[in-house]
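Okay, so here's the structure we're looking at.
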Amino acid sequence: MKSILIQGGHVVDPANQLDGEADVFIQGGKISKVGKGLKVKADQVINAKGRVVTPGLVDIHVHFREPGFEYKETIATGSHSAVAGGVTSVACMPNTNPPIDDQSIVHFIKSKAEKEGYCHVYPIGCISKRREGQEMAELGELKKAGAVALSDDGAPIMNAELMRRVMEYARMLDLTVIDHCEDSHLSNEGVMHEGAASTALGLRGIPAASETVMVARNILLAEMTGAKFHAAHVSTAGSVELIRQAKKKGINVTAETCPHYWTLSDKSIKNYNANFKMNPPLRGDEDVAAIRKGIKEGVIDCICTDHAPHASTEKQCEFDQAAFGIVGLETLFPLTYSHLVEPGVISLSRAVEMLTTSASKIIGIQAGTLSEGAAADVAVFDIKNERKVDAKQFKSKGKNSPFNGWNLKGWAVTTIVGGEVKYEREA
């Protein structure tokens, strides 16, 4: 394995309080040294002058679709998309076919990722068998096989008794419970946020309360059981306030949001473009403001993509018939840098923390640091030059992005996983 010296970059590693010019020396697949003006011999030298060097990003909410929906995405194409965005560790949600509800599927995903993946792939196991919300999955067996958290993502757990029992077991197993917080009765087959925009478009709405009431329920159950509860893709002002108060009470709750919830609103949906359709939906302006405030104040712990690729035929149809979800891995850092860091909502260091150590702690993986001896997962970003989002060029099979055509800074230039260069941007 080649030794690599990343020279002269602005190194940002919140885990080690690094935020300034330094070199990073990689040897034997590990971080060997980090410091200014390193005098070492390396097989490969990467000139990072004028660029930002960070630990490889960690995204704990992606959909890689394999097994069962390989026409949308595979572990190979999804992980290729990840490294093209500077992401070196992902946790994949269990809404596959069959779902990740037993050991064999966990083993399959881990084996497939080892053989064909570009980055580290961590499976998330199901809460319930077949994601039906009726019978608890074999949680202990899932953990033993290598599942890093529990979720029925996309299928809300409506049964509060089941969620209580799952949380009790999850606490014993030291697993985080990640819930797609939605009351499906309140959502009532809605396709976008309920408000003036949905009325104007004549589309069935999903009220903000659909998310908020389930966040409230899960916080109460987490308080009752002592379990670690993580709120997925938070989108409403009410959810942010509930999480803020729960944290003040010392309840073991964490939360994530996604770039589309602080850059877009329900007013962004024009011409019934289904690339703006996701679940939870784009919310109102007051929700967008609350999400940004929640990020600024640290109420929201990490930033994820909810990367959800679909075939073009599933998006190029009537809005109410189109699939929910957008791709996001390759625009994750550019949107974070351009719309949070540059406007001064949060510092670059805090942004990197949300995209690395904060995320890895939630699911208990060793990732997101440039500590000596750590796996050499590193990303280099260009924060000076704007580039236009071109969804056709994505490494993902999915091209369903609402950001196509946007000008952004912060594109990944080089991504290293385990000491090997897995992505280099073409000039």
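The values are calculated or read from the model by the stated rules, or taken from the named source; none is laboratory data. Treat the numbers as computed from the prediction; the structure is a model and nothing was measured. Cβ placement follows ideal geometry from the backbone for every residue including glycine, while neighbour counts extend to all protein chains displayed.
Key figures
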| read-out | value |
| --- | --- |
| Which numbered condition residue 97 misses (of (1) surrounded by fewer than 23 Cβ atoms within 10 Å (Cβ to Cβ); (2) part of a helix (DSSP H, G or I)) | (2) |
| Candidate set from the range 45-58 (those that are free of Cβ contacts under 8 Å to residues at least 60 places away in the same chain and assigned to a strand (DSSP E or B)); member that is nearest to the chain's Cα centre (by Cα) | 47 |
| Unique residue being part of a strand (DSSP E or B), in contact (Cβ under 8 Å) with a residue 12 or more places away in the chain and farther than 26 Å from residue 254 by Cα when the list is 61, 10, 80 | 10 |
| Sole exception among (1) over 19 Å from residue 153 (Cβ atoms); (2) touching a helix residue (DSSP H, G or I) at 6+ places or on another chain (Cβ under 8 Å) for residue 115, by number | (2) |
| Exclusive hit being among the acidic types (Asp, Glu), part of a loop (DSSP other than H, G, I, E, B) and modelled with pLDDT of 95 or more, set 286, 318 | 318 |
| Residue, surrounded by the fewest Cβ atoms within 10 Å (Cβ to Cβ), within the range 302-315, restricted to residues that are touching a strand residue (DSSP E or B) at 6+ places or on another chain (Cβ under 6 Å) and part of a loop (DSSP other than H, G, I, E, B) | 304 |
| Residue in the range 195-216 that is over 15 Å from residue 157 (Cβ atoms), of a type in the set (S, T, N, Q) and surrounded by fewer than 18 Cβ atoms within 10 Å (Cβ to Cβ) present | yes |
| Unique residue being within 20 Å of residue 304 (Cα to Cα), among the hydroxyl-bearing types (Ser, Thr, Tyr) and more than 17 Å from the chain's Cα centre (by Cα) when the list is 235, 265 | 265 |
| Hits in the range 132-152 - residues which are crowded, with 24+ Cβ neighbours inside 10 Å and not aliphatic (A, V, I, L, M) | 151, 152 |
